[in-house]
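Have a look at the structure below, then the notes.
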Amino acid sequence: DTAVSQTPKYLVTQMGNDKSIKCEQNLGHDTMYWYKQDSKKFLKIMFSYNNKELIINETVPNRFSPKSPDKAHLNLHINSLELGDSAVYFCASSQDMWRANTGELFFGEGSRLTVL
Amino acid sequence: EDQVTQSPEALRLQEGESSSLNCSYTVSGLRGLFWYRQDPGKGPEFLFTLYSAGEEKEKERLKATLTKKESFLHITAPKPEDSATYLCAVQASDRDDKIIFGKGTRLHILP
């Protein structure tokens with residue numbers, strides 16, 4: 001039973017399109033995250049939500065909009081896709097924000113986005 | 001600015017050849033330092049958390065240590081299944097508690 005699951009695993013699309021990635025966790029965690037891993041394998045935080053409330057919003061273009069309908073789900077919608085958006089996007093969860101200092105994030109398997 | 005630097009970028013070892021990976025960090029105040037393992041096509045998998053200088057953690061052939069400026073991941077007598085990218089991350093004691101990752105060290109163990 002997958003703890004953090006993301007769909008789709010692969011996404012190939014044209015520049016200018018809009019796409020969404022969905023994430024669900026069944027661990028009962030309060031906090032969820034989106035990370036971006038670029039071609040150089042650098043993993044960078046984009047957003048975090050704690051109990052559906054936005055906590056961290058890094059310097060990410062407005063074209064990226066996260067949505068958390070409940071604490072088990074955190075979706076990422078991207079408008080007007082650009083070539084530079086090509087990357088692997090990872091969803092993660094932790095028990096809660098303040099315990100995130102245990103460092104134990106549970107990651108999904110990633111969604112590889114390719115923009116042509 | 002908070003920063004995490006890992007070295008080397010890549011490391012090839014023979015099976016049984018012990019070595020160490022380095023993670024140096026610059027943060028305003030360290031809340032925790034973390035090691036993760038990432039296999040190709042997978043998400044990172046948590047290994048250890050270290051909180052203060054002098055602390056050590058062990059798991060099978062891996063041992064992580066921490067000083068005030070850096071952490072080492074020691075790999076003793078590695079096996080091919082230890083091949084992976086090892087990521088170091090830190091959590092700074094600023095108000096949003098975000099966890100910052102280094103670029104990782106790609107470790108390849110040759111049989």
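The values are calculated or read from the model by the stated rules, or taken from the named source; none is laboratory data. Predicted, not measured: the structure shown is a model, and the values here were computed from it. Ideal geometry is used to build each Cβ from the backbone, glycine not excepted, and the neighbour counts take in all protein chains shown.
Brief remarks follow.
- Filter pass, A:Gly103 being at positive phi, modelled with pLDDT of 90 or more and in contact with a strand residue (DSSP E or B) (Cβ under 6 Å, 6 or more places away or on another chain): no
- Residue among B:Leu66, B:Leu33, B:Leu73 that is touching a residue at least 12 places away in the same chain (Cβ under 8 Å), buried (at least 21 other Cβ atoms within 10 Å of the Cβ) and within 11 Å of another protein chain (Cβ to nearest Cβ): B:Leu33
- Filtering segment A:46-60 to residues that are among the β-branched types (Val, Ile, Thr) and either within 20 Å of A:Glu82 (Cβ to Cβ) or touching a Gly at 6+ places or on another chain (Cβ under 8 Å) (or both) leaves A:Thr59, A:Val60.
- Flag for B:Phe101 being at the interface with chain A (Cβ under 10 Å from one of its Cβ atoms) and either among the polar types (S, T, N, Q) or within 19 Å of B:Glu45 (Cα to Cα) (or both): yes
- Failed item in (1) within 14 Å of another protein chain (Cβ to nearest Cβ); (2) of a type in the set (Val, Ile, Thr); (3) in contact (Cβ under 8 Å) with a residue 24 or more places away in the chain, with A:Val12 passing the rest: (1)
- Any chance A:Ser39 is among the small types (Gly, Ala, Ser), surrounded by fewer than 19 Cβ atoms within 10 Å (Cβ to Cβ) and assigned to a strand (DSSP E or B): no
- Considering B:Leu11, B:Leu21, B:Leu107, the condition of being touching a residue at least 40 places away in the same chain (Cβ under 8 Å), assigned to a strand (DSSP E or B), away from every other protein chain (no Cβ under 14 Å) and crowded, with 21+ Cβ neighbours inside 10 Å is satisfied by B:Leu21 alone.
- Among the residues of segment B:24-50, those identified as in a loop (DSSP other than H, G, I, E, B), closer than 22 Å to A:Gln37 by Cβ and in contact with a Ser or Thr (Cβ under 9 Å, 6 or more places away or on another chain) are B:Val27, B:Asp39, B:Pro40, B:Pro44.
- Any chance A:Gly84 is surrounded by 14 or more Cβ atoms within 10 Å (Cβ to Cβ), more than 11 Å from the chain's Cα centre (by Cα) and modelled with pLDDT under 95: no
- Within segment A:63-116, being within 14 Å of chain B (Cβ to nearest Cβ) and free of Cβ contacts under 8 Å to residues at least 40 places away in the same chain holds for A:Trp98, A:Arg99, A:Asn101, A:Thr102, A:Gly103, A:Glu104.
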